[in-house]
Amino acid sequence: MTKTSVAHRALAGTTFAALVAASFSVPALAAAPVAAPTTAEATEALDLAMKAIAIRSVRGEGNRAADVAALFRDRLVAGGWAPSDVVITPMHDTAMLVATWVGTDPKLKPLVLSGHMDVVEAKRADWQRDPFGPVVEDGVLYGRGATDMKFDGSMLLSSLVDLRRHGYRPRRTIVLAFSGDEETVMATSAVLADKLKGAEAVINADGGGGTFADGTDKPLYWMWDGAEKSYADYKLEVTNPGGHSSEPRPDNAIVQLAEAVIKVGKYQFPPEQNAITKAWFTRAAAFEADPAKAAAMRAFAANPADAKALAVLRAEPSMVGKTGTTCVPTMLSGGHALNALPQRADANVNCRIFPGHSRAEIAAQLEKVIGSPVVKVSDVTEGSIDSPASPMRADVVGALEKAIHAAWGSAVTVIPSQASGASDSMFYRSIGVPAYNASPVFTRSDESFSHGLNERVRTVNVKPALTYYFNLIPDLTR
Ligand SMILES: [Zn+2]
């Protein structure tokens, strides 16, 4: 997962009103945290993150994801988990970890705390430092997984250990579920969600997150993701009998395909909005430096049919995806010889589907837009699944806001968000378990290197991250 951000302008925070009935124990929201993190706990948590980063858990030969799982298991067992409550399951070249902290009330559905242990490939020659040799320099931890997401996973896991040490006993069972191939094929992700389908909700430490004011450690705003668009690829294909190019026929596969591609390229799906994107436009507008764009964001939030506002937002690459489904041609091929009529031409159309629509529905719409029976549209998507937006549950939203304000101060604006990429949460949402991607980690907007070179995280995040979980986890499980 990568973090999203908006261009900023400072402003004070606000709080959401209760929206729907709650299943988590709302009176608990007024409760004090179990403890405040100590310096020793912060040191231990950072040490765990560095040990995890040092283990190369990249898909393919030499994948050491199982060793990350073993590191985490050992930390949990040393912290009081029964060895039988921490299960590592190998799968393909990776592994998944499920650690259970049994609550005192078996009637309550478990809370799942989600993350992943694998990282994107990183080559030593491309990096300024060894990507698997974590190092802290001037308050910055460098290494593959510093932002996505071994630092996050280590803060989450450490806070559980600390809560247990401080004598916390959850009423609701807590399940820590770490996948091992989130960055690639997501096979363990799908298995975990299916296994945990009876959960009350999922808090995913992967995704969401906060933004510091440029060049400072001053928190500006923080986002949690409650929805993500689904990914789809469609193949457009035209086949013809072909023939000699000196004898052209009216039906030419390349021309027919080109006409279809142009229609798809010009087509815009209808504007859409859900509770989460409406809240995003409303709140993120305060951080938009360009007044015309900020006005368009507010106008669209008030009325998604506002054509003028829509035109402004759809001209902005960072915002167009939040206004509805998008489809764009990404690859093209055709023909087999310079002097032959093409027998075949095809194109790939990549779509990011707004939650609430199936891939089949979008394929049917593309066929309608193309309007030509000779263009065959087929769904060639791999590794994605349709998932609805999670509800803005007052209990979860309230607990998230309280926790982030306890960690970073009450001036931080909280912005609900819909992600464009895929995370483990889509598997939970697809089977009806609400999932919230809500990393407490803040990043400067010029230091977001998730999946890229020289990935890093500011160590000023350690104590606030622990504080966040010390508030959030008890509020959702006591
Ligand atoms: Zn991730």
Query raised in the report: Per residue, how much accessible area does region 378-420 show when a 1.4 Å probe rolls over the protein heavy atoms, in square angstrom?
Result: 30
**Report entry** region 135-197, accessible area per residue, ligands and nucleic acids excluded (1.4 Å, Å²)
**Finding:** 29
Query raised in the report: Cα axis of helix 150-165 to longest principal axis of the chain: angle in degrees, 0 to 90, nearest 10?
Result: 30
Query raised in the report: Hey, can you rank 152-161, 339-348, 89-98 by average C-beta count inside 10 Å, highest first?
Result: 152-161, 89-98, 339-348
Report task. Could you work out the local net charge near ALA253, counting Lys and Arg as +1, Asp and Glu as -1, over the other residues with Cβ closer than 13 Å to its Cβ? Result -> -1
Query raised in the report: What does the helix-only formula give at 222 nm for the chain: each DSSP H stretch with n ≥ 4 adding -39500 (n - 2.57), the total divided by the residues, and the result rounded to the nearest 500 deg cm²/dmol?
Result: -9500 deg cm²/dmol
Query - Extension gain, ARG165 back to ILE431 (0.36 nm per residue minus Cα-Cα distance, nm) - result: 92.3 nm
Report task. Determine the distance separating the Cα centre of region 211-258 from the Cα centre of region 40-70; give it in Å without decimals. Result -> 35
Query raised in the report: Carbon and sulfur atoms: what percent of the 1.4 Å accessible area of the chain do they account for?
Result: 57
Query raised in the report: Cα-Cα over 23 Å: which of LYS278/LYS402; LYS308/LYS368; LYS235/LYS368?
Result: LYS308/LYS368
**Report entry** Cα-based reach from LYS195 at 16 Å (exclusive), listing lysines while leaving out same-chain residues under 8 positions away
**Finding:** LYS109
Query - Crossing angle, helix 462-477 versus the chain [Cα axis fit, 0-90 degrees, rounded to tens] - result: 90
**Report entry** Proximal charge balance of ALA42 [Cβ under 12 Å; K/R count +1, D/E count -1]
**Finding:** -3
Query raised in the report: In what sequence, highest mean first, do 396-407, 301-312 appear when ranked by Cβ atoms within 10 angstrom?
Result: 396-407, 301-312
Report summary line: Rounded to the nearest 10 degrees, the helix 291-302 long axis (Cα) sits at an angle to the longest Cα principal axis of the chain of 90
Query raised in the report: What is the sum of charges around ASP217, taking Lys and Arg as +1, Asp and Glu as -1, for the other residues whose C-beta is under 14 Å from the C-beta of ASP217?
Result: +1
Report summary line: Output ordering of 356-364, 322-330, 203-211 (per-residue mean of other Cβ within 10 Å, highest first) is 203-211, 322-330, 356-364
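The values are calculated or read from the model by the stated rules, or taken from the named source; none is laboratory data. Here the structure is a predicted model, which means the values were calculated and not measured. Here the Cβ is made from the backbone with ideal geometry for all residues, glycine too, and neighbour counts use every protein chain on show. With ligands, DNA and RNA removed, areas are computed over all heavy atoms of the protein, side chains included. Shrake-Rupley method; radii C 1.70, N 1.55, O 1.52, S 1.80 Å.
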